[in-house]
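Only one structure is covered here, and it is reproduced in the block below.
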Amino acid sequence: MPILVTCSGCKTQFRVSDKFAGKQGPCPKCKTVILVPSIEQAKAAEVVIHEPEAVAAKSGTAIPKPIVRKAVRIHPLAVAMWVAVFGAAAAAASLGAETWQAMPGLRVLGLLAVAFPCGRLGYAILRNEELEPYQGRELWIRIAIASAVYTLLWIAFYYVPREFTETAFGLLVTWTPFFAVGGLAGLACFDLEYFNGVLHYALYVLVTLGLGWLAGLTMPWATLQF
């Protein structure tokens, strides 16, 4: 009978002929050397999948509990940070564009501060649920690193010559490498899929653009020509 084998490396399951029972060989997918169970071991490991619950209980067969994944919950500190973001939006609107333009250091601090709640919320939404979630101090360190990268990208964008962003095509070409780097940062810091890493960075960009608009700052598309 065919023997069910599970690779210890990539966890792929496949069946092999019983003539390979008790022998070793490479996994066809990841090439990890695995040991094929003996015929006796294979028979002992067989599980009846569709056995009714009542019958299983009477026969004494143990019903394995499903694996419960730990859900990422929004930390109270993250909620407080979002409250701070909305407070910053109100302050930005009240100070006016002239104040923000005259204080570049304050703008940098604002960009960095907004990155923290954006990073926490984005990770909770976009994380890979098949992986154990980052929590506590390790998570906040990763958020701090991503926040620093995202803020540096905005600083770098500030020095892009304005003539490169005066057309829709030019703005698209200019922003493409920034989103590429932002996606890599999300991938490296949070083990996100690359596309989700781009979305993580995009959340931060949209929030900062919204706050900048409320403050009356000049938007990247202000001189856009179609």
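What follows draws every value from the coordinates through simple rules; no lab data is involved. Everything quoted here is computed from the prediction, not taken from an experiment. No Cβ is skipped: glycine too gets one built from the backbone with ideal geometry, and neighbour counts run over all protein chains shown.
Values computed for the structure shown
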| read-out | value |
| --- | --- |
| FRET efficiency for Ala202 and Thr174, using Cβ-Cβ distance with R0 set to 22 Å, rounded to 0.05 | 0.90 |
| Fewest-first sequence of Ser38, Ser147, Ser17 by Cβ atoms within 10 Å of each Cβ | Ser17, Ser38, Ser147 |
| Rough spin-label spacing in nm, given labels placed 7 Å along Cα→Cβ, for Asn128 and Glu163 | 4.4 |
| Amide proton proximity set for Thr12, modelled H, under 5 Å, gap of 5+ | Cys7 |
| Extension gain from Asp18 to Ile155, taking 0.36 nm per residue of separation minus the Cα-Cα distance | 43.0 nm |
| Built amide H within the under 5 Å cut-off of Thr167, gap 5+ | Gln225 |
| Using θ = phi - 60° and Karplus 6.51 cos²θ - 1.76 cosθ + 1.60, couplings along the range 165-177 (whole Hz; Gly, Pro as x) | 10, 8, 10, 4, 5, x, 5, 5, 5, 5, 7, 4, x |
| ³J(HN,Hα) computed for each position of the range 29-40 - Karplus, 6.51 cos²θ - 1.76 cosθ + 1.60, integer Hz, glycine/proline x | 9, 10, 6, 5, 6, 10, 9, 6, x, 6, 4, 5 |
| Residue-by-residue Karplus 3J(HN,Hα) for the range 111-124, coefficients 6.51, -1.76, 1.60, Hz, glycine and proline x | 4, 5, 5, 5, 5, 5, x, 5, x, 5, 5, x, 5, 4 |
| Charge context of Thr174, other residues only, Cβ under 13 angstrom, K/R +1, D/E -1 | -1 |
| Cut-off under 5 Å, modelled amide H: who pairs with Gly216 long-range | none |
